[in-house]
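One structure below.
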């Protein structure tokens, strides 16, 4: 491995190495099964779950284009403002040397900002970007390394579905073998948490692996108010961008034979209890005819008139309810930065929050054994 790393370091060719944690054929079978869901005219049957929206070269390229679309200002504002928000959060790391694990690497610009600062305290930093999509890993790595003094031997890309608890446990074991007890900053940026049906469960799975010395950087879209009108406004943010339309339909285009009509992509906003504005994006058969779709395994599934396929799910969280979610999960909020986004159509109620989190310090005696305790206790003390 040392010889291989040296050969890559000395080459001008764009080599990249990454660890594959799952059999891609199993993931393809999962995607195929999800597209076999029953009929629904509200996006609650057939679906493309979060990670698969970015899975493959087509969706990855489409996502990169959407992130640079001026008609998709939410994403642009989030990327452009990240540097200043991160600077205000990083002071709370108290100069501790951290390694960095990026859960959902995305386009890599935000990781670049974080790596630049963490390397000043930890020149031997290990950077572990994790994503379900190998294509997204390669794109994110290319962007995150620009202008950053990071040797390729310090990068361990991991292709893995981190939403699966068993996978997260294995990732924690791998990290222990690589860095031992040295502290790690984990991140989940870009409102990724909001894309999962069981968002609280996901956050619990990810933060459950935190040790006392670790930190977790969470970025979420937020709202100061909840109403049906604001839910409609949230949905409209995505509808304006053609590049975003191309992104949310790219998985269907790559993995089925469905002919895409952008007029059939519907955006529906709703109020999710007292916790969030929920935006569901789905594709509806509006041809007036019953269709049959060829799936990745070359079988066909019925797609009746008015039936739907959910393409994407996202949310804007009530800031007050977000605090409650963290408390229920036993997570400490060490610091938080809120940025409100201006809009010509609505008051400044939408924004983004960047939170620095840690494992909960105050727990009832019967709750002291956490997922992190169970995972890390399998290793001898160093």
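The values are calculated or read from the model by the stated rules, or taken from the named source; none is laboratory data. Since the structure is predicted, the reported quantities are computational estimates derived from the model, not experimental observations. Note that we place each Cβ from the backbone using ideal geometry, even for glycine, and neighbour counts take in every protein chain shown.
Would you confirm, using the coordinates I've provided, whether residue 286 is free of Cβ contacts under 8 Å to residues at least 12 places away in the same chain and more than 22 Å from the chain's Cα centre (by Cα)? No.
Among 301, 294, 349, which is the only one that is surrounded by 12 or more Cβ atoms within 10 Å (Cβ to Cβ), at pLDDT below 95 and touching a strand residue (DSSP E or B) at 6+ places or on another chain (Cβ under 7 Å)? I'd like the intermediate steps shown before the answer.
Working: 301 fails: at pLDDT below 95; 294 fails: at pLDDT below 95.
On inspection, the qualifying residue turns out to be 349.
Within the set 218, 245, the sole residue that is closer than 19 Å to residue 74 by Cα, touching a strand residue (DSSP E or B) at 6+ places or on another chain (Cβ under 9 Å) and free of Cβ contacts under 8 Å to residues at least 24 places away in the same chain turns out to be 245. Taken over the stretch 169-204, the residue count meeting the criterion of being within 20 Å of residue 106 (Cα to Cα) and either in contact (Cβ under 8 Å) with a residue 40 or more places away in the chain or out of contact with any helix residue (DSSP H, G or I) (no Cβ under 9 Å at 6 or more places or on another chain) (or both) is 16. Note on the stretch 115-142: residues that are under 30 Å from residue 251 (Cα atoms) and part of a helix (DSSP H, G or I) amount to 9. Contact map, the stretch 56-80: residues that are closer than 19 Å to residue 255 by Cα paired with residues that are surrounded by fewer than 17 Cβ atoms within 10 Å (Cβ to Cβ), Cβ distance under 7 Å, separation 6+ or inter-chain. Pairs shown: 56/254; 58/253; 58/254; 59/254.
Given the structure, is residue 238 modelled with pLDDT under 95, within 19 Å of residue 71 (Cα to Cα) and touching a strand residue (DSSP E or B) at 6+ places or on another chain (Cβ under 7 Å)? Write out each step before concluding.
Values: modelled with pLDDT under 95: yes; within 19 Å of residue 71 (Cα to Cα): yes; touching a strand residue (DSSP E or B) at 6+ places or on another chain (Cβ under 7 Å): yes.
Yes; evaluated as a whole, the condition is true for this residue.
Against the definition (on the phi > 0 side of the Ramachandran plot and surrounded by fewer than 15 Cβ atoms within 10 Å (Cβ to Cβ)), how does residue 95 come out, yes or no?
Values: on the phi > 0 side of the Ramachandran plot: yes; surrounded by fewer than 15 Cβ atoms within 10 Å (Cβ to Cβ): yes.
Spelling it out, residue 95 is indeed on the phi > 0 side of the Ramachandran plot and surrounded by fewer than 15 Cβ atoms within 10 Å (Cβ to Cβ).
Examine the stretch 26-34 for a residue that is modelled with pLDDT of 85 or more, loosely packed, with under 12 Cβ neighbours inside 10 Å and in a loop (DSSP other than H, G, I, E, B), and state whether such a residue exists. No, every residue in the stretch 26-34 fails to be modelled with pLDDT of 85 or more, loosely packed, with under 12 Cβ neighbours inside 10 Å and in a loop (DSSP other than H, G, I, E, B). Have a look at 319, 306, 278 and point out the one that is out of contact with any helix residue (DSSP H, G or I) (no Cβ under 8 Å at 6 or more places or on another chain) and within 23 Å of residue 77 (Cβ to Cβ). Among 319, 306, 278, only 319 is out of contact with any helix residue (DSSP H, G or I) (no Cβ under 8 Å at 6 or more places or on another chain) and within 23 Å of residue 77 (Cβ to Cβ).
Scanning the stretch 6-18 for any residue that is outside any loop (DSSP other than H, G, I, E, B), touching a helix residue (DSSP H, G or I) at 6+ places or on another chain (Cβ under 7 Å), farther than 24 Å from residue 193 by Cα and touching a residue at least 60 places away in the same chain (Cβ under 8 Å) turns up at least one such residue.
Condition check for residue 161 on (1) assigned to a helix (DSSP H, G or I); (2) under 30 Å from residue 328 (Cα atoms): one failure, at (1).
Yes/no matrix, rows are residues, columns are (1) within 24 Å of residue 266 (Cα to Cα); (2) buried (at least 17 other Cβ atoms within 10 Å of the Cβ); (3) at pLDDT below 95:
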{"residue": "49", "(1), (2), (3)": "yes, yes, yes"}
{"residue": "67", "(1), (2), (3)": "yes, yes, yes"}
{"residue": "75", "(1), (2), (3)": "yes, yes, yes"}
{"residue": "82", "(1), (2), (3)": "no, yes, yes"}
{"residue": "88", "(1), (2), (3)": "no, no, yes"}
{"residue": "102", "(1), (2), (3)": "no, yes, no"}
